[in-house]
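K.L.:
Sharing a structure with you now.
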Amino acid sequence: MQPGKLFIIAAPSGTGKSTIVNYLMKQGLNMHFSISLTTRAPRGKEKNGVEYFFTSVEDFRTHIANNDFIEYEEVYTGCFYGTLKSQVEKQIAQGQNVIFDVDVNGGINIKKHFGEEALSIFIMPPSIEALRKRLEKRGTDSPEVIDQRIARAEYEISQAPHFDKTVINDDLATAQSEVLELVKNFLYQ
Ligand code: ADP
Ligand code: 5GP
């Protein structure tokens, strides 16, 4: 069996990453999410081993001490998220193409770890104003949270040069076909 390939797709919150990743998942390309370990509690219908592996802070710290992570971060105070080496290796060995849904720093670290085995794509909003409008229209975040996300977006945009490719998500259909083209080129090169 051919080992799977790795795709890192990162973007400031509200840019349209989930929309684009959901589109990619439906293209029959054998794409699977990397399943991270987290200390946050499951939400709604989330199941252990599907969206995440859920664990305690104590167990997470043991994994840090054992050097089990490709990367990990305290994304929110007290909430740790990390990519386990063993989990990604298992998915690649099963022939899965793996998509990483991690924050921008996590994406940069995963690319450093896998080098040429991974394609990293940064999805860029057309402007900060457009990003704010998308977050407002999505209606999932309070004005304070939107302000925090916008403040962080400026730092995240400055990190775009660390990615292999950048796609601007202005017109959604155009951005989706550009990302699909990059993914197919990497899969079949
Ligand atoms: P992210 O996963 O990056 O936080 P989402 O995929 O949730 O972002 O998209 C944020 C909002 O912007 C959603 O309401 C989505 O429908 C909308 N959106 C996505 N792409 C575009 C686009 N090109 N133009 C306008 N709205 C968009
Ligand atoms: P949520 O709690 O909403 O599922 O995720 C919160 C944030 O953590 C998102 O930005 C998500 O991309 C990020 N995240 C999830 N898993 C990982 C991981 O393994 N590493 C890093 N660095 N970020 C992660």
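Bear in mind these aren't lab numbers, they're just calculated from the coordinates by the rules spelled out. Keep in mind it's a predicted model, so treat the numbers as computed, not measured. FYI the Cβ positions are ideal-geometry reconstructions off the backbone, even for glycines, and counts take in every protein chain you see.
K.L.:
Note the direction-averaged projected area, equal to a quarter of the hull surface, for the Cα convex hull of region 37-189, in nm². Write out the running numbers ahead of the final one.
P.N.:
Working: hull surface 42.1 nm².
Here the figure is 10.5 nm², rounded to one decimal.
K.L.:
In the neighborhood of residue 135, defined by Cβ-to-Cβ distances under 13 Å, what is the net charge if each Lys or Arg adds +1 and each Asp or Glu adds -1?
P.N.:
Numbers: positive: 17, 132, 133, 134, 137, 138, 149, 152; negative: 129, 136, 141, 144, 147.
Combined, the nearby Lys, Arg, Asp and Glu give +3.
K.L.:
Taking amide H positions as placed in the peptide plane 1.01 Å from N, state which residues far from residue 9 in sequence (5 or more) or on other chains have amide H under 5 Å from it.
P.N.:
Distant-sequence amide H within range of residue 9: 100, 102, 121.
K.L.:
Divide by every residue of the chain the summed helix terms, -39500 (n - 2.57) for each DSSP H run of at least 4, and state the resulting mean residue ellipticity at 222 nm, rounded to the nearest 500 deg cm²/dmol. Don't jump to the answer; show the numbers that get you there.
P.N.:
Numbers: 7 runs with 82 residues, N = 189.
The helix-only estimate for the chain comes to -13500 deg cm²/dmol at 222 nm.
K.L.:
Going through region 1-61, which trypsin sites (Lys or Arg not before Pro) have at most 16 other Cβ atoms within 10 Å and a DSSP loop state? Before the final figure, lay out the partial values.
P.N.:
Working: sites: 5, 17, 26, 40, 43, 45, 47, 61; in loops: 5, 26, 40, 43, 45, 47.
Qualifying residues, ordered by number: 26, 40, 43, 45, 47.
K.L.:
Please say if region 7-59 is rounded, prolate or oblate, where rounded means a/c under 1.5 for a ≥ b ≥ c the square roots of the C-alpha gyration tensor eigenvalues, and otherwise the choice is prolate for a/b larger than b/c and oblate otherwise?
P.N.:
On the way: a/c = 2.24, a/b = 1.72, b/c = 1.30.
It comes out prolate by the Cα gyration axes.
K.L.:
Would you mind counting up the charge near residue 146? Only other residues with Cβ under 12 Å from its Cβ, with Lys and Arg at +1 and Asp and Glu at -1. Walk me through the numbers before you get to the answer.
P.N.:
Numbers: positive: 132, 133, 134, 137, 138, 149, 152; negative: 136, 141, 144, 147.
So the environment of residue 146 carries a net charge of +3.
K.L.:
Please compute the net charge surrounding residue 78, taking Lys and Arg as +1 and Asp and Glu as -1 over other residues with Cβ under 15 Å from its Cβ.
P.N.:
Details: positive: 40, 61; negative: 58, 59, 73, 74.
Cβ neighbours under 15 Å give a net charge of -2.
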